[in-house]
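Here's the structure, in structure tokens; my notes come after.
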Amino acid sequence: MSKNLFAVAGLFNTPDEIIKASKAVNKQYKKFDVNTPYPVHGMDSAMGLKSSKLGYFALAFGLTGMLIALSLMTWVTTKEYPLVIGGKPFFSLPAFIPITFELTVLLASIGTVLSMIFIFFKLPNNSHPIHDTNYMKSVSNDKYGIYVLAEDDNFDAEKVKALFASLGAADISEILYNEDDLEEDVQVYQHFKIFDKKFVVGLLSIVVVVSGLAYYMLNKLFYMAPYNWMMTQSKVIPQAPVSDNFADGFPMRNPVEGTVAKGFMPYEYKGKPEEAEKNLINPSEVTPENLALGKIKFDIYCSPCHGYFGKGDSRLNGQFPNPPSLHSEKARNFKDGRIFHIITDGQNNVMPGYYKQLSRDDRWAVVNYVRVLQRSLNAKEEDLK
Amino acid sequence: MSSKIEYTKQPIPANWTKIGMILTVLGLALVGASFAMDSTRATFNSILGMMFIISIGLGALFTIGIEYLAGAVWSTPYRRVAEILASVVLIVPIFAIPGLIKMHDVFHWSHAEALQDAILKNKSAYLNTTFFIVRMVAVFIIWIVFYFIFTKNSEKQDITKDQKLTKRNIKFSALFMPLFAISLTIMAVDWMMSLEPHWFSTIYGVYYFAGTFLTGLSFITIIAISLNERGLLVKGLGEDHYYSLGAMMFAFVNFWAYIAFSQYLLIWYANLPEETYWFINRYEGSWAYVSYGLVFVHFVIPYIILLPQPAKKDPKRLKLAAFILIFAHIYDLYWLIMPTYTKQHGIEGMVFSFYEIAFPVLIIGVVMVWFGIMSKNKNLVPIGDPKLQQAIDFHL
């Protein structure tokens, strides 16, 4: 293990001295650094440092955060899951601003800290020759230190020492490093070994301790039983003989008399075909779409008994009384309301009602289609014109 | 490191007073013309003018108080500039006169029939002519008294170098702060918010304060930097000492945006008709452009100028930002006051002509002349202040 010279370091007692020293060093050398226990005002200009580039990272990360927040919220509220909130338009910029601000600040600060640690401080590069030296111990306590790297073009150990001495340094020392600590083919100044044994062990033990503590605290120390009221609330249990919701053992109440289900209209001409014929007016409009609907429904629900053309040629082979033809004079003279009534209520306890299968609109469409069938065999005069 | 404070009293540049005179004469002519042609519109503008000159004087007075209270060191070399500027509070009452004379033309609540309005009737315990004037007088007295206390103590220190005077001023500024907050809110509510007496916003005083402080700070920045560039302030002041002025301006540009947006967001979200109509008035017709413009003039542009760290040290950019912020405050007051005028007189959209320029021109002129008069027999730096040496030694 051979030791090489890394730098020559000088320690000073007061901030004024270190500022004077760095001004003097800055005149002759380029590669040097200053260590102080706290930030010393005026140091940047004394060292001839240019202003840090870190601000641009902050700006870039901040703008990224802003963009993410704005585009995410715009996409969610206008495309993916539009919800009306307080009658505001889907794209409501004022409502987005607080979150945009939060994300801008969040990303800017996290991004700045991370880029500082990884790019400027070169993590995970954790070993440096000035670690574990007396110099380091002093500058992290009560002294102000400066060191000039052996790499510097003008470097001459004796001259640097003389310079420090002339500036009134309290202590002058050499900082050495091991050849082994150096990564291959790289500059001394830049890279030292990344995985120091102590560092890795330290890091691992921190991981173990922190996650162990977190597990213990969340799962044992502060454990709270989750709410279980969904298990114990009163409810209907399938197959159970009685429910304890109500005294009579029923789980639910009957609707109040006269309650009408949503979207349902009670039929007021049950068993009163004449009245239905007189009062019901066909509300539907005869259009190709409407007739197509009527044909579909007729073919499904009526044709098994009445035949596809309403001639009464049932496909049921006598299992059910054959209906009369829909082309009879009587049937042709039925008003729309009467046919609607027959579909809804059935006829003579022979033909059943179809109100459960066919909605109101469906029924009127079938009525219209029956009219089409009737006029296909018995056209009216006007049809021939 | 410490050296003796090197300061010799020199008069401020002579052409400042000259320019101030020209602006004053020009402003007076415009003001006279506007009162002759449309006295109601001129009165609305006189309120704009009064609120603007209050911002200059009171903003400066506030910086003095806050420096003592916070024990700030960076602002000590500029404190005398702030003190001279704060003397503007002595002439503020003059600008209240048109508003008082033509009260019934601008303050709807001051009419006798306003009492038939249930809401105004309930507010009449506060909004009545007598109490209005009592409050105004009390507020002026508070400002003037504290102006004299602060400056007398500070000027005496130039000669005696007595540290006890600093201590005394610290105590007075602790007393001043709550009075400042209340008096500023009273003036903002009485003279601007009550122009539309049905409307209310609990953050109104804070909103006006943000503009006030920025205006005071901007005037101090411009004057202090210009004096220092001519070597009229103490030796050793430079970019490092400008930095905090810039940082403070930057902070309060954000503060203004924060307050303005909070007020807007809450009213926009709650969507209550009795609150939203105030913003709708400022959103109708060409007023909408003025509203959008406000965001840029008062926030976006100064924010971008002041964002980079070097800008906060660069005297050129600092002065530019300060000029923009002073303009922004006038713009802001115009946006607060004039839509009421157009609404009340059935004018569609915004109005802008020499009426709106008259008072700002007059006031800037008056303030320049006044600054020349008040600075005559005074040092431009508080040379007796114990913190001054520390402030000069400051480095970034």
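What follows is calculated from the coordinates using simple rules that are stated; it is not laboratory data. Please read these numbers as outputs of a predicted model, since none were measured by experiment. In this analysis, Cβ positions are derived from the backbone assuming ideal geometry, glycine residues included, and neighbour counts consider all displayed protein chains.
In the structure shown, the pairs A:Lys3/A:Lys137; A:Lys20/B:Lys156; A:Lys143/A:Lys197; A:Lys3/A:Lys159; A:Lys356/A:Lys380 are assessed against 27 Å; a Cα-Cα span above that value is assigned to A:Lys20/B:Lys156; A:Lys143/A:Lys197; A:Lys356/A:Lys380. Counted by Cβ distance under 14 Å from B:Met177, the other residues give a net charge of 0, where Lys and Arg count +1 and Asp and Glu count -1. With all projection directions averaged, the alpha carbon convex hull of region A:273-384 covers 7.1 nm². Would you please state the base-10 log of I(q)/I(0) at q = 0.12, 0.15, 0.16, 0.18 1/Å for region A:1-191, with intensities from the Debye formula using one equal scatterer on every alpha carbon? Treating every Cα as an identical point scatterer, log10 I(q)/I(0) equals -0.71, -0.94, -1.03, -1.21.
Listed peptides A:287-294, A:206-213, B:224-231 appear in the order B:224-231, A:287-294, A:206-213 once ranked by packing, highest mean of other Cβ atoms within 10 Å at the front.
Site pair A:Ala165 and B:Arg230 shows an inter-label distance of 5.4 nm when each label is modelled 7 Å from Cα along Cα→Cβ. Once you have a ≥ b ≥ c as the square roots of the Cα gyration tensor eigenvalues for region B:1-140, tell me rounded if a/c is under 1.5, and otherwise prolate or oblate according to whether a/b is larger than b/c. Because a/c hits 1.5 or more and a/b fails to exceed b/c, region B:1-140 counts as oblate. Report, in whole Å, the centroid distance computed from the Cα atoms of region A:331-385 and region A:41-115. When both Cα centres are located, 68 Å separates them. Considering only A:Trp364, A:Trp229, A:Trp75, the Gaussian network model of chain A with Cα springs below 10 Å gives its largest mean-square fluctuation to A:Trp364.
Of the chymotrypsin sites (Phe, Trp or Tyr not before Pro) found in region A:236-279, the ones in coil according to DSSP and having at most 16 other Cβ atoms within 10 Å of their Cβ are A:Phe246, A:Phe264, A:Tyr267. Round to a whole angstrom and tell me the spacing of the C-alpha centers of region B:334-396 and region B:163-233. Here the two parts' Cα centres lie 11 Å apart.
Using the Cα gyration tensor of region A:282-336, with a ≥ b ≥ c the square roots of its eigenvalues, what is the shape: rounded (a/c below 1.5), prolate (a/b larger than b/c) or oblate (neither)?
oblate
When chain A is treated as a GNM with alpha-carbon contacts under 10 Å, the residue of A:Ile146, A:Ile117, A:Ile85 showing the greatest mean-square fluctuation is A:Ile85.
Mind checking which aspartates and glutamates have their C-alpha under 19 Å from B:Lys9, skipping anything on the same chain fewer than 8 residues away? Hits, sequence-local ones excluded: B:Glu83, B:Glu155, B:Asp158, B:Glu229, B:Asp385. Counting only residues at least eight positions apart within a chain, or on another chain, the aspartates and glutamates with an alpha carbon under 12 Å from that of B:Lys313 are B:Glu239, B:Asp240. Extent of chain A along its three principal axes (Cα atoms, max minus min coordinate, largest first): 131, 66, 42 Å.
What does the charge count around A:Val8 come to, taking other residues whose C-beta lies under 13 Å from its C-beta (Lys +1, Arg +1, Asp -1, Glu -1)? Around A:Val8, the charge tally is -4. In loop segments of region B:236-334 as defined by DSSP, the GluC sites (Glu not before Pro) with at most 16 further C-beta atoms inside 10 Å of their C-beta are B:Glu284. Summing charges over neighbours of B:Glu155, with a neighbour being any other residue whose Cβ is under 9 Å away from its Cβ, gives +2 when K and R count +1 and D and E count -1. Put simply, the amide H of A:Leu176, placed in the peptide plane, has neighbours under 5 Å in A:Phe6, leaving out anything fewer than 5 places away on its chain.
Ellipticity at 222 nm from helices only: DSSP H runs of n ≥ 4 in chain B, each -39500 (n - 2.57), divided by the residue count, give -23500 deg cm²/dmol.
The residues A:Asp44, A:Asp299, when put in order of fewest to most other Cβ atoms within 10 Å, stand as A:Asp299, A:Asp44. Taking label points 7 Å from Cα along the Cα-to-Cβ direction, A:Asn290 and A:Tyr308 give a separation of 2.5 nm. Please compute one quarter of the surface area of the Cα convex hull for the protein assembly as shown and express it in square nanometres. The number I arrive at for the protein assembly as shown is 64.2 nm². Helices in chain A, meaning DSSP H runs of at least 4 residues, each add -39500 (n - 2.57). Divided by all residues, the mean residue ellipticity at 222 nm is -13000 deg cm²/dmol.
Between B:Tyr355, B:Tyr207, B:Tyr283, the residue with the greatest mean-square fluctuation in the GNM of chain B (Cα pairs under 10 Å linked by springs) is B:Tyr283.
Over all pairs of different C-alpha atoms, chain B has a mean inverse distance whose reciprocal, the Kirkwood radius, equals 21.9 Å.
If a/c stays under 1.5 just call it rounded; otherwise compare a/b with b/c (prolate if a/b is bigger, oblate if not). Do that for region B:205-356, with a ≥ b ≥ c from the square roots of the Cα gyration tensor eigenvalues. Prolate, since a/c reaches 1.5 and a/b exceeds b/c. Considering every alpha-carbon pair of region B:103-160, the percent of pairs per 10 Å bin, from zero through the bin containing the longest distance, is 20, 31, 18, 15, 11, 5, 0.
Using bins of 10 Å that start at zero, the share of Cα-Cα pairs per bin across region A:195-299 amounts to 9, 13, 16, 11, 14, 11, 9, 10, 5, 2, 0, in whole %.
Extent along the principal axes, Cα only, for region B:312-374: 46, 30, 16 Å, with the longest axis given first.
List the aspartates and glutamates whose Cα sits under 15 Å from the Cα of A:Lys272, skipping any in the same chain fewer than 8 residues away. Qualifying aspartates and glutamates at Cα under 15 Å: A:Asp336, A:Asp345.
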